[in-house]
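We did not get these values from a lab; they are worked out from the coordinates using the rules stated. Everything numeric in this text was worked out from a predicted model, so none of it was measured. Neighbour counts run over all protein chains shown; Cβ positions are idealised from the backbone, glycine included.
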Amino acid sequence: MLILGIETATEQVSVAIGGHEGVLGMFEVCRGRRHAETLTPAIQFVCAQADIDIAEIGLVAVDVGPGLFTGMRVGLAAAKALAQALRVPMIGMSSLDLLAFPLRFSDRTIAAVVDARKGELFYAFYKPVPGGVQRVLEPRCGTVDDLIGDIMARGDDTLCVGDGALRYRDEIRADLRCEFAEQFLSRPSAAPLVQLAHARALREDWVNPWEIQPLYLRLPDAQINWSTREQGRTDQTGPIER
């Protein structure tokens, strides 16, 4: 079974195709949130370079977040539309899982950290296990102080990975003795997405396109702003009746 992986949860657009032979082709580019303009040509490019017709795809895997709201929506919408058009199932994976998986050969606890902007981070912790990684702290949204506190509470040697870890490297290092993964591993990639999805596909652990849901750890900015404005109107004029 050939798997198309689509990852757009951060500033990077990443597309890969693979199966039992591993990853056959991949495209990655970081263009400052130009996800909508980049994604479709990226899929076409990877298919052409791997000499694969899009009709040969048997499963679509997608990063469901957490991440930047607009990028996530672009990737999810494209993946769902493609899966429905091809009449194939889907597998959704967390961006934090995708960050941790390439570090599965480490002997440290892995802290996968995505920059959530507005002074916040999305993060989860993992332990390397035979064949992959196991999540030991569920995904959450917090400040860098929250992240440092959770790392301290575990008391483990920790390897931090992700653009959020690199952004707050100095603050983390000031309080902890942590190692940091290389820059090229700082964003989720479609390559581990295809690898992880293939293992699940062998177990037929997939869903229909309409069952895929984004992983939100906080409200989208537009909804936060609207709620704040509505609260301000309520405070000034009393409850708003509809």
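Below, the figures for the structure above:
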{"item": "Two-site label geometry, Glu182 and Gln49: point separation in nm, points 7 Å out along Cα→Cβ", "result": "1.8 nm"}
{"item": "Choice from Asp175, Asp163, Asp97 with maximal GNM fluctuation in the chain (Cα, 10 Å cutoff)", "result": "Asp175"}
{"item": "For region 44-59, Karplus couplings with θ = phi - 60° (6.51, -1.76, 1.60), whole Hz, Gly/Pro x", "result": "4, 5, 5, 4, 5, 5, 8, 6, 10, 7, 4, 5, 7, 5, x, 7"}
{"item": "Length gained when the stretch Val29-Arg173 is fully extended (0.36 nm per residue, less Cα-Cα span)", "result": "48.9 nm"}
{"item": "Region 127-192 and region 198-216: distance between their alpha carbon centers, rounded to Å", "result": "25 Å"}
{"item": "Normalised contact order of region 97-185, rounded percent, pairs of Cα under 8 Å and 6 or more residues apart", "result": "29 percent"}
{"item": "Cut-off under 5 Å, modelled amide H: who pairs with Ala116 long-range", "result": "Leu121, Phe122"}
{"item": "J(HN,Hα) series, region 165-179, from Karplus relation 6.51 cos²θ - 1.76 cosθ + 1.60, nearest Hz, glycine and proline x", "result": "5, 5, 5, 10, 4, 5, 5, 5, 5, 5, 10, 9, 9, 10, 9"}
{"item": "Helix-only mean residue ellipticity at 222 nm for the chain, each DSSP H run of n ≥ 4 adding -39500 (n - 2.57), per residue, nearest 500", "result": "-11500 deg cm²/dmol"}
{"item": "Tensor-based shape of region 72-149 (alpha-carbon gyration tensor, a/c under 1.5 rounded, otherwise prolate or oblate)", "result": "oblate"}
{"item": "Cut-off 14 Å (backbone N to label point 7 Å along Cα→Cβ of Ala85), residues of region 1-45", "result": "39-45"}
{"item": "Under Karplus coefficients 6.51, -1.76 and 1.60, residue-wise ³J(HN,Hα) of region 77-86 in Hz, glycine/proline x", "result": "5, 5, 5, 5, 4, 5, 5, 5, 5, 7"}
{"item": "Among Glu211, Glu21, Glu11: highest mean-square fluctuation, GNM of the chain, C-alpha pairs under 10 Å", "result": "Glu21"}
{"item": "Candidates Arg135, Arg177, Arg108: whichever shows maximal mean-square fluctuation once the chain is modelled as a Gaussian network with Cα springs under 10 Å", "result": "Arg177"}
